[in-house]
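Asks: Mind looking over this structure? Questions follow.
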Amino acid sequence: QVQLVESGGGLVQAGGSLRLTCAASGLFFRQYSMGWFRQAPAKERKFVAAISWTGSSTYGPDSVKVRFTMSRDNAKNTVYLQMNSLTPADTAVYYCAAQGRPNGLESEPYAMWGQGTQVAVSS
């Protein structure tokens, strides 16, 4: 059974930083591309960042490309999302996800999801 457990969310002031962690189990982690998504109140879930099983990273909105960094530690079955210079617009529930099959292409969907961790940024 695959489990993705996010942690590291919380309340932070604008301009602050947080590092989200996603611990994975039940899958051969190093062969899965992983992603972070976020969902703001009353809005759709949106892509934030991904890191492929080969280690290359991609980012979603331009607003996060220079402030967020996604990384992975295959020895710990963990991915991270370092978020700097946070703004109230970053307030959302952040979800970790894994693609549906190992060694997937970048365009393939994410099929396994964590429960999410809340990030709140005050102005």
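The values are calculated or read from the model by the stated rules, or taken from the named source; none is laboratory data. In this text the structure is predicted, and so the values were computed from the model without any measurement. Cβ sites come from the backbone with ideal geometry, for glycine too, and all protein chains shown count toward neighbours. Heads up: the accessible areas ignore ligands, DNA and RNA and are worked out on the full protein's heavy atoms, side chains in. Shrake-Rupley method; radii C 1.70, N 1.55, O 1.52, S 1.80 Å.
Asks: Only residues that are farther than 12 Å from D90 by Cα, aliphatic (A, V, I, L, M), open to solvent by less than 30 Å² (accessible area, probe 1.4 Å) and modelled with pLDDT of 95 or more: list them for the range 8-59, please.
Replies: L20, A24, M34, A49, A50, I51
Asks: Could you grab me the full set of residues in the range 65-88 that are closer than 15 Å to E6 by Cα and touching a residue at least 60 places away in the same chain (Cβ under 8 Å)?
Replies: Y80, L81, Q82, M83
Asks: Here's something else I'd like to know. Which residues, taken from the range 69-107, are in a loop (DSSP other than H, G, I, E, B) and open to solvent by less than 40 Å² (accessible area, probe 1.4 Å)?
Replies: Of everything in the range 69-107, those that are in a loop (DSSP other than H, G, I, E, B) and open to solvent by less than 40 Å² (accessible area, probe 1.4 Å) turn out to be L86, T91, G104.
Asks: Give me a count of the residues in the range 108-123 that are in a strand (DSSP E or B) and under 17 Å from S56 (Cα atoms).
Replies: 1
Asks: Take the residues in the range 112-123 that are exposed (fewer than 13 other Cβ atoms within 10 Å of the Cβ) and modelled with pLDDT of 95 or more, then tell me which one is farthest from L18 (Cα to Cα).
Replies: Taking the range 112-123 as the starting set, the residues that turn out to be exposed (fewer than 13 other Cβ atoms within 10 Å of the Cβ) are 115, 118, 122-123.
Cutting the leftovers down to modelled with pLDDT of 95 or more gives us 115, 118, 122.
Working: Q115: 18, Q118: 11, S122: 13 Å.
Out of the qualifying residues, it is Q115.
Asks: Let me ask something else about it. Which condition number in (1) touching a strand residue (DSSP E or B) at 6+ places or on another chain (Cβ under 8 Å); (2) among the polar types (S, T, N, Q); (3) closer than 21 Å to S123 by Cβ is the one that S85 fails?
Replies: All conditions pass for S85, except number (1).
Asks: Still on this model: Under 7 Å between Cβ atoms, at least 6 apart or on separate chains: pull out the pairs that start in the range 29-58 with a residue that is within 9 Å of M70 (Cβ to Cβ) and end on any residue that is assigned to a strand (DSSP E or B) and open to solvent by 60 Å² or more (accessible area, probe 1.4 Å).
Replies: Matching pairs, first to second residue: G35/F47.
Yes/no matrix, rows are residues, columns are (1) polar (S, T, N, Q); (2) at positive phi; (3) out of contact with any Leu (no Cβ under 6 Å at 6 or more places or on another chain):
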position: L20; (1), (2), (3): no, no, no
position: R38; (1), (2), (3): no, no, yes
position: E44; (1), (2), (3): no, no, yes
position: N77; (1), (2), (3): yes, yes, yes
position: A89; (1), (2), (3): no, no, yes
position: R101; (1), (2), (3): no, no, yes
position: L105; (1), (2), (3): no, no, yes
position: Y110; (1), (2), (3): no, no, yes
